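**Q** The following block contains the structure, expressed as structure tokens.
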Amino acid sequence: LFTLTEMSWIDYPSQAPFEKEIIQSLIEPPINQVNLFDLDLEPMKKRVLTHPWVKNITLSKIFPNAVGVYVEFREPVGLLQSPDGELNYLDREGNVFGPFEPKRVSDLPTLVGFKETDTKLILSVLKLIEDWRSSKFRHVGVISSLSYDPENGFRFILRYGKRGRAVVEQGHE
């Protein structure tokens, strides 16, 4: 009577970074194999949380025969370039996740010269970018990259129009 027969997707975002079948393959639901009373949701949740784009997942038993799935995805707000040139996404909390894929989100500011462990510095730079986007100067241009040098401080490149760009050196303050 209470055998798991289906997955019930709750508010799956239309702009999700990938199809829900990928999440379902990570969940590995034992469809038609287990009673909901005996189903342990924790191993399923742990498998899904291994995906770099998944920020959180909530699984719930929906009687008489389903598991409810609610997924919260990380939202990329920037790219972090490693010393070897590799690009990875950054979320609002300064967490590095997932390698850059141009077919996903690609028009993001790139942070250069930062260590992945420089969370406090990265957060301050992300705040600067967000402040710029909401300031009266946003019409001047878009911050396309921001670099940090321990000796010279910050330098960012503003992109404007189709080909225009300006370099702004800010120093350490």
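The values are calculated or read from the model by the stated rules, or taken from the named source; none is laboratory data. A quick note: this is a predicted structure, and the numbers were derived from the prediction, not measured. Cβ placement follows ideal geometry from the backbone for every residue including glycine, while neighbour counts extend to all protein chains displayed. SASA here: full protein model, heavy atoms, side chains in, ligands and nucleic acids out. Shrake-Rupley method; radii C 1.70, N 1.55, O 1.52, S 1.80 Å.
**Q** Kindly provide the set of residues from the range 20-57 that are open to solvent by 60 Å² or more (accessible area, probe 1.4 Å), over 25 Å from Asn95 (Cα atoms) and in a strand (DSSP E or B), ordered by number.
**A** none
**Q** Give all pairs with beta carbons closer than 8 Å in which a residue from the range 82-101 that is more than 20 Å from Thr50 (Cα to Cα) meets a residue that is of a type outside the set (Phe, Trp, Tyr); count only pairs at least 6 apart in sequence or on separate chains.
**A** Ser82/Asn88; Ser82/Glu116; Glu86/Pro99
**Q** Can you run down the residue pairs with Cβ atoms below 8 Å, 6 or more apart or on separate chains, where the first is in the range 28-50 and closer than 21 Å to Phe73 by Cβ and the partner is open to solvent by less than 90 Å² (accessible area, probe 1.4 Å) and of a type in the set (Gly, Ala, Ser)?
**A** Leu41/Ser60
**Q** Further, regarding this structure: For the range 1-27: of the residues being among the β-branched types (Val, Ile, Thr) and in contact (Cβ under 8 Å) with a residue 60 or more places away in the chain, which is farthest from Val96 (Cα to Cα)?
**A** Thr3
**Q** Quickly run through the range 102-113 and pick out the residues that are more than 11 Å from Leu79 (Cβ to Cβ) and at pLDDT 90 or above.
**A** Result: Gly113, single match.
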